[in-house]
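What follows is a single structure, written as C-alpha cells, with notes after it.
Each reported figure results from applying straightforward, stated rules to the coordinates on display, with no laboratory input. It should be emphasised that the depicted structure is a prediction, and the values quoted were computed from it without experimental measurement. Here Cβ is always computed from backbone atoms with ideal geometry, including for glycine, and neighbour counts include all displayed protein chains.
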C-alpha cells in the first residue's frame with residue numbers, strides 16, 4: 001500500500017450502493033413504516049411484554065420467599081435434646097433438680 | 001441544514017392522514033440517503049443499516065407529533081437515526097459489555113463488506129475510525145462526512161460544543177496517527 005494520509009483519502013468509503021438499490025430501500029422503508037403507523041403493538045411485542053411482566057412477578061415472588069425463609073436468619077443448628085447431659089437432666093425428678101448446685105455468674109471462677 | 005418552512009410543511013403533511021403518505025415519501029426523498037449513510041457509517045454492516053433505517057422510519061412516523069420545531073427537522077431525524085443505530089449496536093453486545101468493545105466485530109464486518117477493489121486506503125481510514133469510542137466516532141462522522149456544525153452535532157448527540165470540538169480534534173489526530181502507523 002502506498003503512503004496514505006488523512007487528506008488524500010478524503011471522504012471516500014470502501015463500499016458503495018447503487019442509486020437503484022437506495023431508491024428501492026427507501027421505498028420499502030416508507031411502505032413498511034406507513035403500513036405500521038398507528039397499529040397497536042404486534043402480537044410478538046405483547047408476548048414479550050407479558051413474558052417480561054411474568055418474569056418480574058416470579059422474581060418478586062422469589063425474593064419474598066427467600067425473605068420469609070431466609071437461611072441466614074435460622075439457627076446454625078437445631079438444638080439437640082438427646083445428648084448425654086440432656087438424658088441425665090431428663091431423668092432427674094423436680095426435687096433432685098432443686099438440689100443441684102446452682103451457681104451465680106459471679107461465683108464461676110475465671111480462667 | 002434546512003429552512004423552517006420546509007420543516008413545518010413536512011410536519012403538517014405527516015400529521016394529516018390524507019397527506020401522510022405523500023409527505024413521508026417526500027421526507028425520505030429529501031433526507032433518506034443522508035440518513036442511510038449516517039446509519040451505515042455507525043453500524044457498518046449492509047443488512048444492519050437496512051434494519052436500522054427501517055426502525056428509524058417507523059419511529060419518525062410514530063413520533064412526529066413530538067417534534068415541536070424547536071430545532072431543524074434534519075437535526076431531529078439525525079437524532080432518531082443515531083439513537084436507533086446505538087440501540088442496534090447495544091443489542092449486539094453481551095451482558096454488561098460496552099458498545100465500544102464492538103470495534104473488532106465492526107472491523108470484521110467492514111472487511112467482509114468492502115466491495116470496491118483496490119481501496120485499501122479507504123478501508124484503513126474506516127478501520128482507524130473504528131478504534132475510536134462510539135460516541136466520538138459518531139461526532140466525527142457528523143462533522144467530517146455530513147459537514148454539520150458543532151451546534152447541530154450538539155443537538156443530535158446531547159454533548160456540549162466544547163467537548164465535541166476537543167473530541168473532534170483528538171479523533172482527527174488519532175486517525176492520522178493510525179493511518180501513518182499502518183501505511184506501508
For B:114, B:75, what's the fewest-to-most ordering of other Cβ within 10 Å of each Cβ? B:114, B:75
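Take the Cα gyration tensor of the protein assembly as shown, multiply each eigenvalue by 5, square-root it, and list the three semi-axes largest first, rounded to whole angstrom.
Working: eigenvalues 837, 175, 71 Å².
Each semi-axis is √(5λ); the values are 65, 30, 19 Å.
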Please check: in the Gaussian network model of chain B (C-alpha springs, under 10 Å), which one of B:79, B:33, B:155 has the largest mean-square fluctuation. B:33
Of B:29, B:152, B:50, the most mobile residue in a GNM of chain B (C-alpha springs, cutoff 10 Å) is B:29
Label-point separation, residue B:161 to residue A:55 (7 Å along Cα→Cβ), nm: 4.3
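Taking other Cβ within 10 Å of each residue's Cβ, how do A:66, B:88, A:31, B:94 sort, fewest first? Before the final figure, lay out each step's value.
Values: A:66 10, B:88 20, A:31 14, B:94 6.
Ranking A:66, B:88, A:31, B:94 by Cβ neighbours within 10 Å, fewest first, gives B:94, A:66, A:31, B:88.
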Quick one: helix B:46-63 against the long Cα principal axis of chain B, what's the angle to the nearest 10°, folded into 0 to 90? 30
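Quick one: work out Rg over Rh on the C-alpha atoms of region B:84-153, Rh as Kirkwood radius. Let's see the in-between values first.
Values: Rg = 13.4 Å, Rh = 13.4 Å.
For region B:84-153, the value is 1.00.
Hey, how much of the P(r) for chain B falls beyond 29 Å, as a percent of Cα pairs? All intermediate terms of the calculation are to be shown ahead of the outcome.
Working: 4277 of 16836 pairs.
Here the long-distance tail beyond 29 Å is 25 percent of all Cα pairs in chain B.
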Fewest Cβ neighbours within 10 Å first, please rank A:58, B:28 accordingly. A:58, B:28
Using alpha-carbon positions, what is the distance between the centroids of region B:70-142 and region B:154-184, in Å? 14
